[in-house]
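Below you'll find the structure, written out as structure tokens, and then a few comments.
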Amino acid sequence: MDAVQLLPGESEVRDFGSNPGNLKMFKYVPKDLGSARPLVVALHGCTQSATKYDDETGWTQLADKMRFVLVLPQQDQTGINNAFKCFRWFDPNHNQRGRGEALSIKQMIDTVLADTSLNLDRKRVYITGLSAGGAMTAVMMATYPETFAGGAPVAGIPYGCTKTVFDATSKCGVSLGGVPGIPASTPVEQLSPAEWGNRVRKASSASTFPRVSIWHGTRDHVVNPQAQTEMIEQWTNVLGVAATPQVDTQFKTARRQIFQDGSGKPVVEAFTIHDMDHGTPIDPGPNADQCGTALHDQFVIPAGICSSFYIAKFWGF
């Protein structure tokens, strides 16, 4: 990444551990951060970079308003790790605890939390991402659940659908040759909620897991929208609630489902964006619930709702 592309307050962190996944790390620190503030990790999608997922999606704008630090992992941009610049959620060398890219991202988090000048709240660490970044979000929630208070995969993939690179396009709903606007029909493995949940539980020895907000477009031509249904089943099972929503309504341009625990607290929510293709939904504008910038990338989509704002709201910011 060229330094001239960085936003004010954004910087590259070059020393964050052994970095077995060969990733880059960027962070954004707003002015007047204050103490005991949250940390958000935002993972870009394939073909993107950290600078195509910072202000475009609204995350830096929200960091300024809500006062949190933003960490932006970046896949190697030369194609050495992956030709399409995708995080390697599908590779057992990178999607398990203590390995590869998963460990690199954990090292980034640990490095920022250890920075005493920031004085962040270790109990308020969150993660989100698009596409391969959404799938990697699920990887991190499964392999390091004790680290996160919340997560939000956008156009993501259920954890554990793949054991090989081939599985990504045969069991995970990923299409490499889809037609824009036509939902991907590549199959997603059909498992019971308990089977999906077990794949997460086996990824670590943790007993607590983060709250989850799950986003997907109905016309996603890259990741079969059925993947959202499987993710809902996976994470409601992990969090011990039924896969039947207590709230199921139309909200802005989306169907919104809320899954509550026994006390009535929402622990899983799902937004299904009507007629939206593969990407992060944004809603540029001046209102409090609007965010995102003018379209700079085909996978950042003005869709009448800004996912970043409502994800942050779900997390309790």
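The values are calculated or read from the model by the stated rules, or taken from the named source; none is laboratory data. Bear in mind the structure is a predicted one, so any value in this text is a computation, not a measurement. Cβ sites come from the backbone with ideal geometry, for glycine too, and all protein chains shown count toward neighbours.
Within segment 281-298, track down each residue that is surrounded by 24 or more Cβ atoms within 10 Å (Cβ to Cβ) and either in contact with a helix residue (DSSP H, G or I) (Cβ under 6 Å, 6 or more places away or on another chain) or in a loop (DSSP other than H, G, I, E, B) (or both). Scanning segment 281-298 gives 281, 291, 292.
When residue 117 is tested against (1) closer than 30 Å to residue 66 by Cα; (2) in contact (Cβ under 8 Å) with a residue 40 or more places away in the chain, only condition (2) is not met.
For segment 141-164, check the following and say yes or no: at least one residue is in a loop (DSSP other than H, G, I, E, B), surrounded by fewer than 16 Cβ atoms within 10 Å (Cβ to Cβ) and at pLDDT 95 or above. Checked segment 141-164: no residue is in a loop (DSSP other than H, G, I, E, B), surrounded by fewer than 16 Cβ atoms within 10 Å (Cβ to Cβ) and at pLDDT 95 or above. Of the strands (runs of 3 or more DSSP E) contained entirely in segment 19-113, those carrying at least 2 residues that are out of contact with any Asp or Glu (no Cβ under 9 Å at 6 or more places or on another chain), in contact (Cβ under 8 Å) with a residue 60 or more places away in the chain and within 19 Å of residue 300 (Cβ to Cβ) fall at 37-43. Of all residues in segment 299-317 being within 19 Å of residue 224 (Cα to Cα) and part of a loop (DSSP other than H, G, I, E, B), which is farthest from the chain's Cα centre (by Cα)? Among those that are within 19 Å of residue 224 (Cα to Cα) and part of a loop (DSSP other than H, G, I, E, B), it is 303.
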